[in-house]
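Just so it is clear, none of the values below were taken in a lab; they were calculated from the coordinates. What you are looking at is a predicted structure, and each value in this text was computed from that prediction instead of being measured. Note: ideal-geometry Cβ built from the backbone for every residue, glycine included; neighbour counts use all protein chains shown.
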């Protein structure tokens, strides 16, 4: 029996990619994963996540990540209601992970408020038989999904660190981070547009752009 856990990182961020990670295990690997003490990545420090990530990869049969850049996210969101379209994009990404790793059972952290609907969106893209367990808070309830959440978060942190090296300190990339919003505000003031690693369809980015345009008119 091949088991797969899938989770995402960066769903609500205004800067950087959305990362979806999958961890494939067999029956022997699951107890080892539990012994590592994996938890939902949000409950772990960055240092702890970075320590666990390579250990998870040693235990896993295979791992796979899918990344969506801001341009891809904007392209989808601009054609409909933001979070409904984002759910569809995440379902596509999770389906890609399943297609790559071919498990018997896949445990996914449901992005849609209706977990069963999210499951059906994934299944629409799978040409072979697979059982999908789609639940809210799966990253807390299933260690295999916790492991996937750690890999997704570590990869997104790496992407943000690379952006910081290129452009200076920009925080975590989330709208709740003042460093992020200060960086975005300064960039728009200096360039008159959002950077290409920003999600321009996000309301905070649109507000900053509108404010910049109004200031120039005045």
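Miscellaneous remarks
- Once the convex hull of all Cα atoms in the chain is built, its volume per residue stands at 116 Å³.
- Geometric extent, Cα atoms of region 19-65 - Rg, Dmax (angstrom): 10.5, 28
- GNM top mover of 11, 47, 199 - the chain, alpha-carbon springs below 10 Å: 47
- Semi-axis lengths (Å, descending) of the ellipsoid that matches the C-alpha gyration tensor of region 1-105: 27, 17, 10
- Ordering of 31-42, 15-26, 132-143 by burial proxy (mean other Cβ atoms within 10 Å per residue, highest first): 15-26, 132-143, 31-42
- Relative exposure of 94, 181, judged by other C-beta atoms within 10 Å (fewest first): 181, 94
- In summary, the convex hull built on the alpha carbon positions of region 126-218 has an orientation-averaged projected area of 8.9 nm².
- Just checking the listed ones, 201, 111, 146: in the Gaussian network model of the chain with Cα springs under 10 Å, the one fluctuating most is 201.
- Residues of region 147-188 with amide N under 19 Å of the 7 Å Cα→Cβ point at residue 45: 150-151, 153-155, 157-158, 172
- Per-residue Cβ neighbour rank within 10 angstrom, fewest leading, 180, 65: 65, 180
- Relative contact order [Cα under 8 Å, 6+ residues apart], the chain, whole percent: 30 percent
- Cα centroid of region 119-139 to Cα centroid of region 1-65, whole Å: 18 Å
- Kirkwood radius and radius of gyration were both taken over the C-alpha atoms of region 148-191, and their ratio Rg/Rh is 1.05.
- Rg and Dmax [Cα atoms of region 168-211; Å; Rg one decimal, Dmax integer]: 9.3, 24
- In this rough spin-label picture, where each label sits 7 Å from Cα along the Cβ direction, the residue 26-residue 61 distance is 0.7 nm.
- Our summary gives region 168-211 a relative contact order of 25 percent, counting only alpha carbon pairs under 8 angstrom and 6 or more residues apart.
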